[in-house]
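K.L.:
The structure's right below; bear with me while I get my questions together.
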Amino acid sequence: MYFGDHAVNGRWGVHLEGQLRRHDVVSKPQQILLRPGLNFDVNRHLMVTLGYAFVDTHRYGAFPVAFRFPEHRVFQQALLRHATGRVGFAHRYRLEQRRLGETAPQPGGGTTVANWRHENRFRYMVRATLPFRGGRIQPGSWYFAGYNELLVNFGRNVAANVFDQNRGYAALGYDMGTPGRLELGYLHQLIQQRNGRVFEHNHTLQVAVYSTFSFERRR
């Protein structure tokens, strides 16, 4: 995973994100996610983002979807940061408008999108970081990171899964300086499928780079 928030001009910046998800010990594709956005720093604690995401989901797990399907999202986000002692906190509030492709088999083989279903989703994540030594994370620091995120569906097309999923995460991180921070962690993802009866428990090894280097031109 790559998460980048890069300054471009004053308070304006870009969010660049890419995720490659695999299953069966990385032998099979699970999901590809690309999520660019436009950032605006309201102040040193608050950043807002408007963006788009493309998601390509494959069949996976004990209760897979019938067919691989695409998804397009528009999202609005507010990210609030603060610190309490040595612990840094980030609260992310995200609203998504989703168009999910409902795929069907073609007579000659393969699949096609037969219909696009619109759904809305709200997400709240609280994330904490704690350096192993010193009062703050700086280049060369090792640190602990953890977060929990709740995702809730709403709108007339939502079936039996108003509760969509919950994600709990814990990781070891290292600040590499200009390239960003590297994290290796464990993610537990609890998903309620659309039918409301099946719950997935996905156990994931996650490798992520978080980068904030600037694209601004030096004068």
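The values are calculated or read from the model by the stated rules, or taken from the named source; none is laboratory data. Not measured: the values here are computed from a predicted model. All Cβ positions, even for glycine, are placed from backbone atoms using ideal geometry, and neighbour counts span all protein chains on display.
K.L.:
Being farther than 24 Å from L20 by Cβ and in contact with a His (Cβ under 6 Å, 6 or more places away or on another chain) is the filter here, so list the residues in segment 83-114 that pass it.
P.N.:
F89
K.L.:
What number of residues within segment 1-41 satisfy the criterion of being among the small types (G, A, S) and either surrounded by fewer than 16 Cβ atoms within 10 Å (Cβ to Cβ) or on the phi > 0 side of the Ramachandran plot (or both)?
P.N.:
Counting residues in segment 1-41 that are among the small types (G, A, S) and either surrounded by fewer than 16 Cβ atoms within 10 Å (Cβ to Cβ) or on the phi > 0 side of the Ramachandran plot (or both) gives 3.
K.L.:
Of the residues that sit in segment 43-62 and are small (G, A, S) and modelled with pLDDT under 95, which one is surrounded by the most Cβ atoms within 10 Å (Cβ to Cβ)? Explain how you work it out, then say what you get.
P.N.:
Step one: list which residues in segment 43-62 are small (G, A, S), which gives 51, 53, 61-62.
Cutting the leftovers down to modelled with pLDDT under 95 gives us 61-62.
On the way: G61: 15, A62: 7.
For segment 43-62, the residue satisfying everything is G61.
K.L.:
Hey, another quick one. Please go through segment 63-73 and pick out each residue that is touching a residue at least 24 places away in the same chain (Cβ under 8 Å) and either among the aliphatic types (A, V, I, L, M) or touching a His at 6+ places or on another chain (Cβ under 7 Å) (or both). Step through it out loud before you land on a result.
P.N.:
Just the residues of segment 63-73 that are touching a residue at least 24 places away in the same chain (Cβ under 8 Å), to begin with: 63, 66-73.
A66, R68 - these are the residues of segment 63-73 that are touching a residue at least 24 places away in the same chain (Cβ under 8 Å) and either among the aliphatic types (A, V, I, L, M) or touching a His at 6+ places or on another chain (Cβ under 7 Å) (or both).
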